[in-house]
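The structure under discussion appears below in the form of structure tokens.
The values are calculated or read from the model by the stated rules, or taken from the named source; none is laboratory data. Keep in mind that this is a model prediction, so the values were computed, not measured. Cβ: placed from backbone, ideal geometry, glycine included. Neighbour counts: every protein chain shown.
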Amino acid sequence: MISLCKVRMGYGDRILFKNADFLVRPGDKIGLVGPNGAGKTTVFRLMAGLERPDDGEVVVEPGVVIGYYSQDVGEMRGGSAMDETLSGAGRVFEIGLELRDLEHRMSDAAAAPLSGADMDRYGRLQTEFLHLNGYGLEQRAEEILSGLGIGADRWGDPAESFSGGWKMRIALARILLLEPSALLIDEPTNHLDVETIVWLEGWLKEYKGALVMTSHDREFMTRICSRTAEVADGAVTSYSGDYDFYLREREVRRERLVASYKRQQAALEKDEEFIARFAARASHAAQVQSRVKMIEKIERVELPRERKSVKFEFGPVKRSGDVVVEMKDLAKSWPMTGGGERSVFSGISGIVARGDKIAVTGVNGAGKSTLLKVITGRAEPTAGSCPLGAGVTVGYLSQYSGDSLDPSLTIFEELQSRLPRESVGTIKNLLGAFLFSGDDSDKRVSVLSGGERTRVMLACLLSSQANFLVLDEPTNHLDIATREVLLDALKAFDGTVMIVSHDRYFLRHLASRVFEVDRGALRVYEGDYEYYERKSGR
């Protein structure tokens, strides 16, 4: 239904695709993977018709409707959240508007009566509207908005009143309501909590059209996508299995490629040795020329470039007391704009013990981030107390920690300001471990992407030597490979961890206890994340 054939694509001197082929068939559910900057977004834009290849062609079968959700939601002004969502329904929405206009004219006694042609058109439009299930359009929009966490009390709010993250949910709702033949979605789980991710996962599983998606949430992609396509080294390589299959098969293919490369290199060395040995002998001139021509014609096996990956681990930390935090009747309220206070939680009691790896869960807005702020001293409790234990040093990373970086400094200067006693070499090595090598360390903080800012904050956290890490959405903007490096580092960390994350794979492999913030109270589950899922029924 959609195919890229022998596509070549580049920007200036940078070649993204040399001779790329990619096929999307009806009903396919494909996970698009690859390193940052390899060209995944360009693949989407080519299929959506937003860019044209330098060479080759992109073929979309007649009648195929493509819906593309990107991280750039554009302007949303003049309409409500519901209006913005309904406007994404395409043809059925346009028919609905025209029918409404004709019906207003029919009911307006002062207006000129509809002509016979108008009445014929009204009948045809009504039939098409019924065929497209237009009368259920608003109900479907309500279900999608609710599923994405936008309740009925906000459907009529102006779209411009929503924050960036919530606007992205509206944009996603708009695309889902369209129900196109082919759905292209780029990082749909960004800015979503676990409950919303689970709802979206169910929706996409039931979706009948073709789906191509990228996601840094490994479990989300593995549960939905039965095919995987890797964008790397100027090509798009397809794998007939999910992400776990792709990882295994990629390693097998690489081993085969390395073996072929070694065999070819050995054969070339023999030929080159023969040429060098007999080049000056007239008796071997024909044989020498034959081998020279053969070498010139041979298609060389090329090994893929080694991918750079973040490499770090937390070193040994000073041992804290057995009790890291003791919460006693803890409460927090925030002042409201119109006066009064809004209670976030109250009466919370519990103990964080040394060595715990605690996942803090709860629906969006339950107070997870507020609890972490109170525990780390970033916010004062309204009532109760939560003293830190003996010898506890806190390392805190919030989802907005990048805002604490000085935009006027370079990455190197930022880290140097936090580590004034460390040598230039030590700081350079630390930055290199987080993929800021060479000139990259001289980038100004102001130009960094979200993922780069998170890596800088992780470098700062690694250097703090804290024995109690409090992490609020540390995986935001990190790709799957970097998430897994962070996961391994936290599993090996010999201190204590409290973490909020919407990445279920991450939590399943890390958490030893779960604190659930629910309706202002705290429920403690003395088991891992899977134990929590079973006991809570979530």
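Considering (1) assigned to a helix (DSSP H, G or I); (2) in contact (Cβ under 8 Å) with a residue 12 or more places away in the chain, the lone condition that S290 does not fulfil carries the number (2).
Is it true that D494 is surrounded by fewer than 20 Cβ atoms within 10 Å (Cβ to Cβ), touching a residue at least 40 places away in the same chain (Cβ under 8 Å) and more than 23 Å from R538 (Cβ to Cβ)? Yes: the conditions hold for D494. Residues in segment 296-324 that are aliphatic (A, V, I, L, M) and touching a helix residue (DSSP H, G or I) at 6+ places or on another chain (Cβ under 6 Å): V301, L303, V310.
Being more than 23 Å from the chain's Cα centre (by Cα) and over 30 Å from E201 (Cα atoms): is that true of A433 here? Spelling it out, it is not the case that A433 is more than 23 Å from the chain's Cα centre (by Cα) and over 30 Å from E201 (Cα atoms). Restricting attention to segment 239-286, the residues being of a type in the set (S, T, N, Q) and in contact (Cβ under 8 Å) with a residue 12 or more places away in the chain number 3. In segment 258-286, the qualifying residues are those that are loosely packed, with under 12 Cβ neighbours inside 10 Å and hydrophobic (A, V, I, L, M, F, W, C), and the one that is nearest to the chain's Cα centre (by Cα) is A259.
If only residues of segment 244-259 that are in contact with an Asp or Glu (Cβ under 9 Å, 6 or more places away or on another chain) and closer than 19 Å to I480 by Cβ are counted, the one that is modelled with the highest pLDDT is Y246. Taking helices (runs of 4 or more DSSP H) as the structural unit, those lying wholly within segment 439-538 and holding at least 3 residues that are under 22 Å from the mean Cα position of the chain (by Cα) and over 18 Å from S309 (Cα atoms) correspond to 504-508. When G432, G425 are screened for being surrounded by 13 or more Cβ atoms within 10 Å (Cβ to Cβ) and not acidic (D, E), only G432 passes.
Annotation: E179 fulfils all but one of (1) under 20 Å from G136 (Cα atoms); (2) within 12 Å of the chain's Cα centre (by Cα); (3) not β-branched (V, I, T); the unmet one is (2). When segment 213-243 is filtered for residues that are modelled with pLDDT under 95 and of a type in the set (K, R), the ones remaining, listed by number, are R218, R223. K311 meets each of the listed conditions (1) surrounded by 12 or more Cβ atoms within 10 Å (Cβ to Cβ); (2) in contact (Cβ under 8 Å) with a residue 60 or more places away in the chain; (3) not assigned by TED's automatic domain parsing to the domain that holds F515 apart from (1). Out of segment 157-180, which residues are under 21 Å from P62 (Cα atoms) and touching a strand residue (DSSP E or B) at 6+ places or on another chain (Cβ under 7 Å)? Hits for segment 157-180 are I175, L178, P180. If you check A267, A210 for being among the aliphatic types (A, V, I, L, M), modelled with pLDDT under 90 and over 23 Å from I150 (Cα atoms), only one passes: A267.
For the criterion of being surrounded by fewer than 20 Cβ atoms within 10 Å (Cβ to Cβ) and over 29 Å from L430 (Cα atoms), G355 fails.
When segment 371-391 is filtered for residues that are under 30 Å from E452 (Cβ atoms) and either of a type in the set (F, W, Y) or assigned to a loop (DSSP other than H, G, I, E, B) (or both), the ones remaining, listed by number, are T376, G377, R378, A379. All conditions but one from (1) modelled with pLDDT of 90 or more; (2) of a type in the set (S, T, N, Q); (3) part of a loop (DSSP other than H, G, I, E, B) apply to Q399; the one that does not is (1). Those helices (runs of 4 or more DSSP H) of segment 43-160 in which 2 or more residues are touching a residue at least 40 places away in the same chain (Cβ under 8 Å), in contact with a Ser or Thr (Cβ under 8 Å, 6 or more places away or on another chain) and surrounded by 14 or more Cβ atoms within 10 Å (Cβ to Cβ) occupy 137-147.
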